[in-house]
Amino acid sequence: MVHRLTRDDARRICVRAQLLDAPRPDDLLEVVRHLGVLQTEPTAPLGAPSADLVLWSRLGSAYDRAELVDLVDRQVLLEHQGFIRPAEDIALFRAEMSIWPGREPLREWQRDTARWVAANDGCRLEILDLLRREGPLPTSAFDDTCEIPWPSSGWNNNRNLTMLLKQMVNRGEVAAAGREGRKTLWDLAERIYPDDPVPDPDEALRLRNARRLRALGLARARFTDQGGEPHSVGEAGEPAVVDGVKGEWRVEPTLLDEPFTGRTALLSPFDRLVQERKRLDQLFEFDYLLEMYKPVEQRIWGYYALPILHGDRLVGKLDATAEPPEGVLRVDHVHEDFDWPAETREAVAAEIEELARWLELDVMYVD
């Protein structure tokens, strides 16, 4: 059976899946377990990095940032591949580590990576030995004794250790053990990862896809992902089509025909609801791009504009910056994608006040 959805249906499924409907959840750990991932992007013009903004958007001002730090310190949550994940999910990634550099047939870049790691086996063994004796340690504690430099096109020049450590994570040899300021600390993976049974790689992939769909609500079976956490879900869930949108989707069946109560939320630019631009356009008809990498004169909405969710629609962007020395959250502009009714304007203003309260700042409107 193929489920037929309107765009309204599709949006509400996505919003509910991301825990952005009403009422709010109230348990931080359960939120992270449901979402599956929190991106560790450190940029924080609002005084809090993306992971904290994502949790505040769900939990509201009851969210205490110290609780996330504590869960990571106690290794209830672990950092893996640039994301904070529940510790119990790591076994699903260890399954892929067991078949590094990847599934057969290997692509040429995977073969090249394996050859590069083998050529620098001496440096790899030195890192493991130092961690065994002294870990956890930051990248700066290791000597770059790589005999063959990483074959970079420019972006990763002189980053041999960074690239080698990345592959050692992919091989299941080292793991992030916390942070020292903004620096990642590394240790032997065997000291960090839970000793849970590791499933067969195919079963692990099936489970990851099912958990990803539970958090996304609606997704494509296959999608050309650009690194990071994928947005494709394989054959998880059940097939669906959305009115006015080409192609077939996969839907989480437990979210079908559920009542929907919307609310207003300010979202991190790295929030999973808005991160995949094609899905964003097709389902929400929302024009958005993170502009922090653009020259100032080319920006439309601002350096770190927050998408604004109201009900099941993305309705605008908030351009704001935290200025703790002045004690204010400076609001440079609230971009309305259309002429908002008074109810929407009041709800967004209330959420901006709530954000400022959480940051322990006062709102100052510039525009």
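The values are calculated or read from the model by the stated rules, or taken from the named source; none is laboratory data. In this text, all values refer to a predicted model and were calculated from it rather than measured experimentally. Cβ: placed from backbone, ideal geometry, glycine included. Neighbour counts: every protein chain shown. Side chains are part of the model used for accessible areas, which takes the heavy atoms of the whole protein and leaves out ligands, DNA and RNA. Shrake-Rupley method; radii C 1.70, N 1.55, O 1.52, S 1.80 Å.
Of note:
- Look at (1) part of a loop (DSSP other than H, G, I, E, B); (2) within 26 Å of Leu205 (Cα to Cα); (3) modelled with pLDDT of 95 or more; (4) of a type outside the set (Gly, Ala, Ser) and you find that Glu41 fails only one, number (3).
- For segment 1-20, a residue qualifies if it is assigned to a loop (DSSP other than H, G, I, E, B) and in contact with a Phe, Trp or Tyr (Cβ under 6 Å, 6 or more places away or on another chain), but none of them does.
- If you go through segment 270-300 and keep only what is under 21 Å from Ala44 (Cα atoms), over 19 Å from the mean Cα position of the chain (by Cα) and among the hydrophobic types (A, V, I, L, M, F, W, C), you end up with Val296, Ile300.
One line per residue, one yes/no per condition, for (1) more than 30 Å from Arg16 (Cβ to Cβ); (2) surrounded by fewer than 21 Cβ atoms within 10 Å (Cβ to Cβ); (3) hydrophobic (A, V, I, L, M, F, W, C):
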{"site": "Glu285", "(1), (2), (3)": "no, yes, no"}
{"site": "Lys294", "(1), (2), (3)": "yes, yes, no"}
{"site": "Gln298", "(1), (2), (3)": "yes, yes, no"}
{"site": "Tyr303", "(1), (2), (3)": "yes, yes, no"}
{"site": "Leu306", "(1), (2), (3)": "no, no, yes"}
{"site": "Arg313", "(1), (2), (3)": "no, yes, no"}
{"site": "Pro324", "(1), (2), (3)": "yes, yes, no"}
{"site": "Val328", "(1), (2), (3)": "yes, yes, yes"}
{"site": "Val331", "(1), (2), (3)": "no, yes, yes"}
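- Considering Ala265, Ala356, Ala349, the condition of being part of a helix (DSSP H, G or I) and either closer than 14 Å to Val15 by Cα or open to solvent by 10 Å² or more (accessible area, probe 1.4 Å) (or both) is satisfied by Ala349 alone.
- Subset of segment 237-262 that is over 27 Å from Ser57 (Cα atoms) and in a loop (DSSP other than H, G, I, E, B) - its residue that is least open to solvent (accessible area, probe 1.4 Å): Val245
- The residues of segment 70-108 that are part of a helix (DSSP H, G or I), modelled with pLDDT of 95 or more and open to solvent by 60 Å² or more (accessible area, probe 1.4 Å), listed by number, are Asp70, Glu88, Arg94, Glu108.
- Per this entry, Arg33 is counted among residues that are modelled with pLDDT of 95 or more and not in a loop (DSSP other than H, G, I, E, B).
- Qualifying residue in segment 39-50 (condition: without any contact (Cβ under 8 Å) to a residue 60 or more places away in the chain and either closer than 20 Å to Thr264 by Cβ or open to solvent by less than 20 Å² (accessible area, probe 1.4 Å) (or both)): no
Residue-wise test of (1) under 24 Å from the mean Cα position of the chain (by Cα); (2) surrounded by 15 or more Cβ atoms within 10 Å (Cβ to Cβ); (3) among the hydrophobic types (A, V, I, L, M, F, W, C).
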{"site": "Ile127", "(1), (2), (3)": "no, yes, yes"}
{"site": "Leu130", "(1), (2), (3)": "no, yes, yes"}
{"site": "Ile148", "(1), (2), (3)": "no, no, yes"}
{"site": "Met163", "(1), (2), (3)": "yes, yes, yes"}
